[in-house]
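The values are calculated or read from the model by the stated rules, or taken from the named source; none is laboratory data. Since the model is a prediction, treat every value here as computed from it, not as a measurement. Here the Cβ positions follow ideal geometry from the backbone for every residue, glycine too, while neighbour counts run over all protein chains shown. Areas reflect the complete protein model, heavy atoms only, side chains present, ligands, DNA and RNA absent. Shrake-Rupley method; radii C 1.70, N 1.55, O 1.52, S 1.80 Å.
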Amino acid sequence: MKNSDFHKFFVDELKDLYWAENALLKDLPKMQAAATSEELAKGFEKHAEETKQHISRLEKVFESLGEKAEGVKCEAMEGILKEGRSIIEDTAKDTMIRDAGLVLAAQKVEHYEIATYGTLKVFASHMGHREAERLLAETLDNEKATNGYLTGLAERFINAKAVAE
Ligand code: FE
Ligand code: FE
């Protein structure tokens, strides 16, 4: 099992995800600083703390598999984060359009993470890696909750205020 091509592929994808989470952790403070509303800034602050947990959970996943935790550049996350930075450049400070843009950027991140954790959790399940499956499912739930929180903020006031600007 451990030397199977599928197992190796699974571990490679975990390394990609590990890089992605670490890259996100570096960008979240920029998103927090750029946010107009206190609620969105708080959301980014909270998710940075949660992202630290995602990283340590992935380290436990590697450990449970007897593999070294290491990151391999994730081109997709790099692109999504780059887009987030350009949204900040393209929107004015202290506007709700800025926040609407930041929600868009952050939801792209969360959807990417949801897709990745969801699939890797199923891979772990099929390979009988129970501990890895449990850890990946835990983070998956948190990514879904974060996405829901962002939708809530957008629907509650961000989009309406952006339209009125
Ligand atoms: Fe995450
Ligand atoms: Fe996330």
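In this structure, Glu131 does satisfy being acidic (Asp, Glu) and away from ligand 2 (no atom under 11 Å from the Cβ).
Only a single criterion out of (1) open to solvent by 30 Å² or more (accessible area, probe 1.4 Å); (2) in contact (Cβ under 8 Å) with a residue 40 or more places away in the chain; (3) not small (Gly, Ala, Ser) is not satisfied by Lys46, namely (2).
Within region 122-133, not a single residue is open to solvent by less than 20 Å² (accessible area, probe 1.4 Å) and outside any helix (DSSP H, G or I). If we scan region 76-83, do we find a residue that is over 25 Å from Leu153 (Cα atoms) and β-branched (Val, Ile, Thr)? Looking for residues that are over 25 Å from Leu153 (Cα atoms) and β-branched (Val, Ile, Thr), one finds none in region 76-83, hence no.
Just so you know, in region 134-165 the residues that are over 21 Å from Glu67 (Cα atoms) and in contact with a Ser or Thr (Cβ under 8 Å, 6 or more places away or on another chain) include one that is surrounded by the fewest Cβ atoms within 10 Å (Cβ to Cβ), and it is Glu165.
Yes or no, residue by residue, for (1) closer than 19 Å to Asn147 by Cα; (2) not aromatic (Phe, Trp, Tyr):
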{"position": "Phe6", "(1), (2)": "no, no"}
{"position": "Leu17", "(1), (2)": "yes, yes"}
{"position": "Pro29", "(1), (2)": "yes, yes"}
{"position": "Ala33", "(1), (2)": "no, yes"}
{"position": "Glu39", "(1), (2)": "yes, yes"}
{"position": "Phe44", "(1), (2)": "yes, no"}
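Of the residues making up region 22-40, those that are touching a residue at least 60 places away in the same chain (Cβ under 8 Å) and either surrounded by fewer than 22 Cβ atoms within 10 Å (Cβ to Cβ) or within 16 Å of Ser86 (Cα to Cα) (or both) are Leu24, Met31, Ala34, Ala35, Thr36, Ser37, Glu39.
In this structure, Lys52 does not qualify as surrounded by fewer than 17 Cβ atoms within 10 Å (Cβ to Cβ) and either in contact with a Cys (Cβ under 8 Å, 6 or more places away or on another chain) or without any contact (Cβ under 8 Å) to a residue 12 or more places away in the chain (or both). Take the conditions (1) more than 18 Å from Ala145 (Cα to Cα); (2) in a helix (DSSP H, G or I); Val109 misses just one of them, which is (1).
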